[in-house]
Amino acid sequence: MGLDCRPGCVYVDGTVGEGGHATAILNRTAPDGLLWGLDQDPVVLQAAAARLAPFTSRFRLFHRSYAQLGEILTEAGEPAVAGILLDLGLSLHQLQRSGRGFSFQGDEPLDMRFNPERPGKTAADILNRATPAELEKIFREYGEEPRARRYARLVVEARRQHPFRFTQQLVKLVQQAQGPGRRTGEKNPATRVFQALRIAVNRELEELALFLGQAPAWLLPGGRLVVISYHSLEDRLVKKKLLAWDREGLMRRLTRKPVAPSREEVQRNPRSRSAKLRVAEKVGEKEKQYGQTGDPPIK
């Protein structure tokens, strides 16, 4: 996965989810590597705790955003770690079992908060209260939706009759606005709208930008950052930051182009088809002083 995991080191899974990546990290760092897992969703943290239980004292879980890693390091008296992983996709639980409206396959409350315990706007709040201009901006910027203005106008018209509460209300509105003629196999027209609302609700791009602004300080020399993104907005932020670090001599890009899943991996896990993996390694003091010697291979 690009982390170059080794025994005796501390690694961070900043989006631990249900513990899939964390399990792999702990297996590769046996017998004494440590894993710190962060997640905003308290339910998936419980699932991760159960899955990682066999590793006993080799892991710690935190109900925090990955952008708060600096606070955790300070509290733990740990200056930096050997590697950080972010997988920015939704967990299977969130899509299929959370009941918070992340998926448009069923009919669930339009919540979309990663952390339902934290006060904040839900997707329904945004749909029912935002101005047409605000809705258009959300759909256009976060969903890259070409029909953003039309959808915004239709949302405002529809909410006058029936405030938005459930996912299928929004799905039906988008389908009606789309009209007949969608070809089999095309992406559901609601995909971009749901993505836009989820990003707005959780301030995902702001969280990622905040993390990227501090990540090098949280890594030991030679430590690696691995980010798996699933849409162009996230990947663009990561790409630009990794390029800037590389030019500054702070981090060395180990992936000049993003690594995409193989055909076999997509067949096993169709949700991975849009994944893009990027890796960077923190430059040590000697490398800063004498220059870099080339890119080591991804492990």
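Any read-out appearing in this document is the output of simple, stated calculations on the displayed coordinates, not a laboratory observation. On a predicted model such as this, the values are computed, not experimentally measured, just so you know. Don't worry about glycine lacking a Cβ; one is built from the backbone with ideal geometry, like all the others, and counts go over all protein chains shown.
Structure values in brief
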quantity: Ellipticity estimate at 222 nm from DSSP helix runs (n ≥ 4, -39,500 (n - 2.57)) divided over the chain, nearest 500; calculated: -11500 deg cm²/dmol
quantity: Ranking of SER232, SER274, SER98, SER57 by count of other Cβ atoms within 10 Å, fewest first; calculated: SER57, SER232, SER274, SER98
quantity: ALA133-ALA30 pseudo-label distance in nm [points 7 Å out on the Cα-to-Cβ vector]; calculated: 6.0
quantity: Relative counts (whole %) of C-alpha pair distances in segment 101-202, using bins that are 5 Å wide; calculated: 2, 14, 25, 28, 19, 8, 3, 1, 0
quantity: Over the chain: Kirkwood hydrodynamic radius from C-alpha pairwise inverse distances, Å; calculated: 20.6
quantity: Selected from ASN128, ASN202, ALA148, residue furthest toward positive end of dipole (segment 101-202; charges at beta carbon); calculated: ALA148
quantity: Extension gain, VAL156 back to SER274 (0.36 nm per residue minus Cα-Cα distance, nm); calculated: 39.3 nm
quantity: Dipole in debye (nearest 20) - the chain, about Cα centre, beta carbon charges: Lys, Arg +1; Asp, Glu -1; calculated: 1040
quantity: Karplus (6.51, -1.76, 1.60) ³J(HN,Hα), θ = phi - 60°, over segment 148-161, in Hz, Gly and Pro reported as x; calculated: 4, 5, 5, 5, 4, 5, 5, 4, 5, 5, 5, 6, 5, 8
quantity: DSSP bridge orientation in the chain - percent antiparallel, rounded to nearest 5; calculated: 40
quantity: Filter on LYS240/LYS276; LYS187/LYS240; LYS121/LYS187 - keep pairs with C-alpha separation over 23 Å; calculated: LYS187/LYS240; LYS121/LYS187
quantity: Cα centroid separation - segment 25-48 against segment 87-142, whole Å; calculated: 26
quantity: Sequence of HIS21, HIS93, HIS162 once ranked by neighbouring C-beta atoms within 10 Å, starting from the fewest; calculated: HIS162, HIS93, HIS21
